[in-house]
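Only one structure is covered here, and it is reproduced in the block below.
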Amino acid sequence: MGRLRDAWRVLTAPQAGHGGGRRAFLGAAPSRLLEDLPSGAAAAPNREIRQALKVLRARSRHLAQNDGFSKGFLKTLRRNVIGASGFVLQMQVQMERGGRPDEDANRRIEAAWQEWAKVGSCDVTGKLSFADVCRSVIGQVARDGEALVRIVRGSRFNRFGLALQILDVALLDEDLMCAQGAIGGWRLPAGHTVRSGVERDEFGRPVAYHLRTTLEGDDCYTAGGRRYQRLPADDIRHLFLSEWADQVRGVPWLDTAIRALAMLDGYSEAELAAARVSAGKMGFYRIDSDEEPDGELAADGRLVQKAEAGTFELLPKGVDFQSFDPQHPTQAFADFVGAILRSAASGSGLSYPAFANDAAKLSYSALRGVTLEDREEYRTLQAWMIGSLCEPIFAPWLREALITGALSLPPGKFDRFNRPSFTARGWQWVDPLKEVNAMREAVGLGIAARTDLVAERGGDFADTVAKLRAEQAMMEGLGQPAAPSSTFNIIDQGS
């Protein structure tokens, strides 16, 4: 009680300089209960990230290989953010006069992109499609905190003159620093600095990336006994989610859960081993020292017997049996594991049912709520992927395709043709009947566009119209009745 009173007095004592009143921010009040929290000036985020990144990345990779929840988290992201087909290109090129869609240019560019995005073309190894590259990137960013994709120009890999190379982000040396002057044999331009392997100009804009290498060339140099290659920022897509101003490097998304997940994995392993021992009940014979036991003893004085299921035996005279019956797993095991996983899920950005693959205790309305919340997180990541990877790669791809002649369109009209729109995967409705009726009402009231409703499911409105028209023509050719007007009246209105 004395210690509790002392703690309460510290928390409620008037502070000098505030008129005898309490501090405006109680979180800043001195307290023995908060001594484990920092009280000085906050450290620079880039410095803290640089000091911890190597260890965080190593531990995160270990969990991704050995922890089921961590590996499941990465699979959930790849499945829901990217999906089976990846991001679909829908061109929005307009005619130079009249403002109508340039159907011919759109069709040619989309067909060329689909050809390039196939396995054997867009990736320097010839093993990945563009959808595979996207799935790899989102997994690496979540696991390592960042990903590096190199744009390789030239006709060596395909007829479009551009291919992609996924680089290990560990090659970007977080310890490579230079405030000014030169690094080894490489002299930095005026105003440029290198922080954690990233060369930036005076405004903090990345201009080049210095990666460890064994190559020789004009863009390579040696510093601190290591060989580096300087790659221009125009050829590198460095993807990470920035949480701090002027942040240079990214951190693994499960950084706040690494300790808990690692210890939970060890605890679960120990509990599993204890449960196995508990399932095979054992025991010990105790010999009464006052009586001579009947039966034969082992050379060391032990009495050993094997029991079969469903049998009872009469113990020898002077021998008692003491059972060994550990109770595992304990009744609190599931609740304890759930509490740890809820904390880990909160830091991951996903709901507990999605992270822990546990929706058994949720009602339908609760499950619908968390499902919609998770989908909003996936949409946020989809928009980030499109803006950080798809669109920045499309522009140089289009330029090279026009220059090489892989696209039979005028190269001088690049700006007019550079009008991409990428559509991400969507999801099936949680309650189809109710949601379809709600969409019909929204369209009827003029507060929703059919284009947006189709896009929410990962489709393209123009393709949907074309498919419906083709389907109607096929049905009419077979003597079947025309499609009903309940399909948003798309065909009847010629939208």
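The values are calculated or read from the model by the stated rules, or taken from the named source; none is laboratory data. The structure presented is a predicted model; accordingly, all values stated were derived computationally and were not measured. We place every Cβ from the backbone using ideal geometry, glycine too, and count neighbours over all the protein chains shown.
Of everything in region 153-192 that is in a loop (DSSP other than H, G, I, E, B) and among the basic types (Lys, Arg), the residue that is surrounded by the most Cβ atoms within 10 Å (Cβ to Cβ) is Arg159. If you check Arg150, Arg195 for being surrounded by 15 or more Cβ atoms within 10 Å (Cβ to Cβ), over 30 Å from Met91 (Cα atoms) and within 30 Å of the chain's Cα centre (by Cα), only one passes: Arg195. Could we say that Val207 is under 21 Å from Leu74 (Cα atoms) and at pLDDT 95 or above here? The answer is no for Val207. When the residues of region 383-422 are filtered to those that are among the aliphatic types (A, V, I, L, M) and under 23 Å from Gln140 (Cβ atoms), the one that is nearest to the chain's Cα centre (by Cα) is Met385. Of the set (1) in contact with a strand residue (DSSP E or B) (Cβ under 6 Å, 6 or more places away or on another chain); (2) farther than 30 Å from Gln247 by Cβ, all apply to Arg108 but (1).
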